[in-house]
Amino acid sequence: TNASLPRFLEHELGFGAGGYGFGIAALGIGLALGQGLVGLTRVGPTAGRWIGVGLAVMAGLFVVLGLTEHPPTALLVIGLIGFVDGTTDVLFETVVQREADPRRLGAVFGFASAFITTTMLGAVAAAPFANQLVAPHEVIIGTSVFLGAAGVLALVGMRPSRRREAAVEPEPP
């Protein structure tokens, strides 16, 4: 989607050369507001479920974005995508810290970071082909399929927190 966003905003919606900048600004504002909201709330034991719900909501927002022909609406939807993504980012980090074995946090975060980076780079590698084959709005709508699948996977795979209260046993001196 990110590789198709310039064509979508600049040409299909008529923002011109600054279209991508407007889109990234809307996304950044949404991210900051979403992350800030989570920072102001108490993250309960079912927070992990929001990750799946958030991905499903983003899938729907990507469909709306791909179908919109109204430039201000597109910026609003991009901002909403950023908002939901910001909430899920913070909740993901929180749930991992809460649920992972404290002795394995580095490994868990390392794996998660490597997995996210690999999927992003895979998408970057596929983007030129997708941009040659289909219109930007179709790429954007296609993104919703992957987000929807990830949302379902997260909803099925996440369980309510079992909040680990046991202290980590100290290493002998």
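Some observations on this one:
- Within the set (i) 1.34; (ii) 1.18; (iii) 1.07, the number that Cα Rg over 2.2 N^0.38 Å takes when calculated for this structure is listed as (ii).
- Nearest-ten-degree value, helix 47-67 long axis tilted from longest Cα axis of the chain: 0 degrees
- Only protein atoms count toward the accessible area here, which uses a 1.4 Å probe; on the chain, the carbon and sulfur part of that area reaches 69 percent.
- Taking all protein chains together and a 1.4 Å probe, the residues 38, 152 rank 152, 38 from largest to smallest accessible area.
- Förster radius 30 Å - calculated FRET efficiency between residue 29 and residue 135, Cβ distance, rounded to 0.05: 0.65
- Shape call, the stretch 25-73: gyration tensor on alpha carbons, a/c limit 1.5: oblate
- Cα long-axis angle, helix 71-99 against the chain (0 to 90 degrees, to the nearest 10): 10 degrees
- Karplus-derived 3J(HN,Hα), 6.51/-1.76/1.60, for each residue of the stretch 23-34, Hz, glycine and proline x: x, 5, 5, 4, 4, x, 5, x, 4, 4, 5, x
The values are calculated or read from the model by the stated rules, or taken from the named source; none is laboratory data. Nothing here was measured: the structure is a model prediction, and the numbers come from that model. Every residue, glycine as well, gets a Cβ built from its backbone with ideal geometry; the counts of neighbours run over all protein chains shown. Side chains are part of the model used for accessible areas, which takes the heavy atoms of the whole protein and leaves out ligands, DNA and RNA. Shrake-Rupley method; radii C 1.70, N 1.55, O 1.52, S 1.80 Å.
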